[in-house]
1. Return a yes/no flag: does the stretch 316-327 have any residue that is within 16 Å of ligand 1 (Cβ to nearest atom), among the aromatic types (Phe, Trp, Tyr) and within 18 Å of the chain's Cα centre (by Cα).
2. Quick one: which helices (runs of 4 or more DSSP H) lie wholly within the stretch 465-564 and hold at least 1 residues that are modelled with pLDDT under 90, within 35 Å of the chain's Cα centre (by Cα) and among the hydrophobic types (A, V, I, L, M, F, W, C)?
3. Working only within the stretch 23-46, note down all residues that are more than 16 Å from ligand 2 (Cβ to nearest atom) and not charged (D, E, K, R).
4. Are any residues in the stretch 137-147 away from ligand 1 (no atom under 16 Å from the Cβ) and either part of a helix (DSSP H, G or I) or not hydrophobic (A, V, I, L, M, F, W, C) (or both), and if so, which ones?
5. Can you find a residue in the stretch 267-284 that is within 16 Å of ligand 2 (Cβ to nearest atom) and buried (at least 20 other Cβ atoms within 10 Å of the Cβ)?
6. Of the numbered conditions (1) at positive phi; (2) at pLDDT 85 or above, residue 685 satisfies every one except a single condition; which is it?
7. Among the residues in the stretch 150-158, are any at pLDDT 90 or above and in a loop (DSSP other than H, G, I, E, B)?
8. Here is a list: 351, 400, 394. Which entry is more than 25 Å from residue 120 (Cβ to Cβ), touching a residue at least 24 places away in the same chain (Cβ under 8 Å) and of a type in the set (Lys, Arg)?
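The values are calculated or read from the model by the stated rules, or taken from the named source; none is laboratory data. From a predicted model like this one, the values you see are computed outputs, not experimental measurements. Here the Cβ is made from the backbone with ideal geometry for all residues, glycine too, and neighbour counts use every protein chain on show.
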Amino acid sequence: MFNNLPLEAYLSKYFNFPSFRPGQRQVVEGALSGNRDILAIMPTGRGKSLCYQLPGLLLPGTTLVISPLVALMKDQVDSLQAIGIDQATFLNSQLTPAEQRQRLGGMVQGRYKLVYVAPERLRNQAFTEVISRVKVSLLVVDEAHCVSQWGHDFRPDYLWIRQFVSSLRSRPRVLGLTATATVAVQKDILWQLGIPQAEKVVSSSDRPNLFYRATTVHSDAEKRLALKALINKSKSAGKEQGCGIIYVATRKDCEQVAGWINSQLGIRAGFYHGGMPPQERTEVQELFLREELPVVVATNAFGMGIDKANIRFVVHYSLPASLESYYQEVGRAGRDGQPAECLLLFAPKDKSLQQWMIKNDTLTVKELQAFLLLIKGSAAGSELYLTYEQLAEKGLEETKVRVAVSELERVQVLHLLERDGAGVRIEVITDTLDREILQRVLERINRMTEERHKKLEVMTRWIHTSRCRREALLAYFGEEKPGATEKCCDNCAPQGKEKRNQSADEVSRAGLAVLNCVAQLSAPLGRNKITDILLGSRRKEILEGGLNRLPAYGQLAGLPGREILQVIDRLIGDGYLASKGAQYPVVILTNQGKEAGAQALQNGNAGTEESAGLTRELTAGAAKEPAYKAVGTVEAARGLNHDGSKAEALKLTIAQLMEQGLSQGEIAGRVDRSEQTVTKYIAQLVQEGKIPVERLVPWEVRQQIYLALEKVGMARLRPIKELLPENVNYADIRYVIASLRQNLDEEKSGTDFTAGVN
Ligand code: ADP
Ligand code: MG
């Protein structure tokens with residue numbers, strides 16, 4: 001009810017919709033009541049806009065909508081106009097100064113109920129002056145995941161929102177909206193927007209009409225064949241049925257694949273990427289919406305906020321960077337509820353491309369240094385305008401400038417005043433650059449990079465899994481599969497089921513040999529080396545490392561190496577093995593992997609006598625040895641030979657006891673020291689890179705600790721602990737800090753990053 005009328009009355013009056021969709025009413029009611037902030041998580045196409053448009057029209061004053069999608073603001077305002085709502089407008093850099101002035105004037109006069117702005121506008125002086133004279137009753141943050149660095153589409157400008165809200169004379173309620181956010185990202189959104197107490201309205205992100213398929217291919221020719229099959233299938237279903245988006249990784253691919261579809265398949269396909277002039281991009285988008293272009297080949301720059309109901313397929317011609325991006329992109333298919341197909345074509349080399357992109361995006365010590373040199377010598381309080389041209393000369397392209405600016409702003413070295421097409425205007429806050437501060441900046445950059453590598457691993461694991469893809473996707477976003485769907489995924493289709501049963505019931509000979517090999521390793525290795533061992537390779541690294549003496553050596557000789565790699569990937573995808581480490585991942589055995597080995601032995605499923613032997617060995621090995629041995633106990637022992645100190649000996653003992661799987665309490669008893677002392681030594685082992693932190697602190701907990709460190713730094717433990725839930729203890733915090741120090745040691749590798757700055 002609102003003003004004694006049911007909300008449906010307004011819904012039908014303004015929008016002509018008969019009823020709310022799931023989740024909408026709750027958000028609208030919450031926003032109207034005005035007694036708390038809200039974070040709404042709702043799948044793409046469900047109708048998030050309505051959740052703020054309706055309250056915006058009903059509330060007194062103005063509703064300010066922050067959206068990253070400058071190109072779509074006009075669409076939103078136009079479609080409101082089309083249904084007779086003319087109290088909406090937008091402000092962005094595409095307007096002329098005169099238009100901007102006119103709209104700002106209108107805002108002061110109270111002409112608008114809804115005003116759309118891009119986040120960078122919040123720093124614009126003309127705008128903030130006007131806003132101080134306007135009553136803002138609701139502040140909406142659309143695509144709220146953009147505020148989180150852990151999300152898949154981080155926009156540093158979003159970090160400004162929090163400060164903007166608190167600068168308003170009367171603080172409006174905040175409503176954040178997003179489609180895809182993992183639980184950790186949801187938490188981060190609340191924190192970054194400064195709305196920790198917000199009510200969360202989560203509606204299931206399941207899309208029962210989407211069919212998921214992921215296929216591994218080994219060449220572009222294979223990709224094109226698969227694409228052709230899919231396009232022809234939808235073509236034969238009629239023109240209307242054929243709309244689709246094909247996502248590729250590079251601009252070059254965009255143009256090539258679109259050209260190929262046009263010339264070889266006789267279908268009109270356009271392309272869209274960030275390197276095209278804005279008018280051309282808008283044109284492609286409009287042609288696609290009007291169905292004059294049934295297919296668009298695009299980079300991930302395309303699609304956010306696109307409201308087209310009948311997209312029948314989304315193809316990933318290249319590997320997406322994370323499951324979040326993937327789910328967001330496929331979410332654009334089938335908004336009308338009719339069946340739609342999501343096809344991912346995976347070529348192993350695509351992963352290297354993604355890895356390269358992560359590396360390329362990471363701000364290096366040298367680049368940070370170059371940036372700092374540009375502001376060196378400017379007194380505190382002075383203003384500087386740095387052009388992109390000038391920055392590019394120093395090897396800093398736009399994305400890196402954004403990262404550098406937002407990271408340095410975070411540690412209060414500078415303050416971003418304005419950003420336009422040609423450069424950035426900053427205020428220098430301090431001209432003395434503290435070493436520790438810079439260290440913190442580097443730590444954060446490192447961590448963000450590590451996180452991206454992890455997301456890529458999760459993405460590839462999903463591709464290789466033989467488990468239900470829908471279930472795996474939903475589990476990743478913290479949901480359970482809501483029940484059977486008619487057409488689910490390739491793994492649930494009859495053929496896929498067969499494959500799955502195979503993998504669950506009987507670990508195939510090759511699979512078993514792989515598990516076995518991993519169990520025999522004294523230090524974890526990467527998948528290529530494991531393959532070499534199983535093939536019986538005579539390579540130098542294998543022979544010199546004595547790996548040819550392992551029982552698994554040569555067990556799969558004769559099999560194509562590629563097939564073994566596939567088996568490893570599938571075992572990872574299914575959770576029998578896990579891939580650890582970002583840059584040079586190694587493969588380890590999980591508990592499930594150990595159990596599978598044991599089960600195969602019990603059931604006699606392993607087939608041949610030979611593989612039963614393998615199983616026995618595997619199970620025995622697994623029981624005796626932990627899946628993850630402390631890397632480099634050998635190194636620790638060597639260290640002992642060198643200095644032989646008591647402390648080193650104790651550390652070595654502790655490392656060995658850990659290897660035997662003893663708990664920290666038990667170890668403390670054995671070595672007759674307090675648990676705290678044991679913790680201290682383990683932290684040292686972590687910092688020396690001898691025990692991976694992954695083995696000690698679960699991912700979720702690490703994530704929480706990272707977030708806390710970001711807020712209070714790592715100088716003192718207590719403030720960190722205070723930000724964390726009860727179950728996170730001091731030892732966890734110490735280990736995580738130790739692992740960060742280790743990464744830092746590696747990163748620094750002799751470079752003094754303050755050299756030449758001060
Ligand atoms: P999202 O932002 O969640 O991706 P949009 O806000 O763009 O989705 O809405 C998608 C489509 O759903 C729009 O065409 C909108 O008009 C329509 N829509 C929203 N709410 C309703 C409703 N209650 N009944 C019918 N259609 C709706
Ligand atoms: Mg939207």
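1. For the stretch 316-327, residues within 16 Å of ligand 1 (Cβ to nearest atom), among the aromatic types (Phe, Trp, Tyr) and within 18 Å of the chain's Cα centre (by Cα): present.
2. Result: 469-476, 494-505, 509-520.
3. If the condition is that a residue be more than 16 Å from ligand 2 (Cβ to nearest atom) and not charged (D, E, K, R), then 26, 30, 32, 33, 34, 35 are the ones that fit.
4. Hits for the stretch 137-147 are 137, 147.
5. The answer is no; no qualifying residue exists.
6. Here residue 685 meets the rest and fails (1).
7. no
8. Criteria check complete, one pass: 351.
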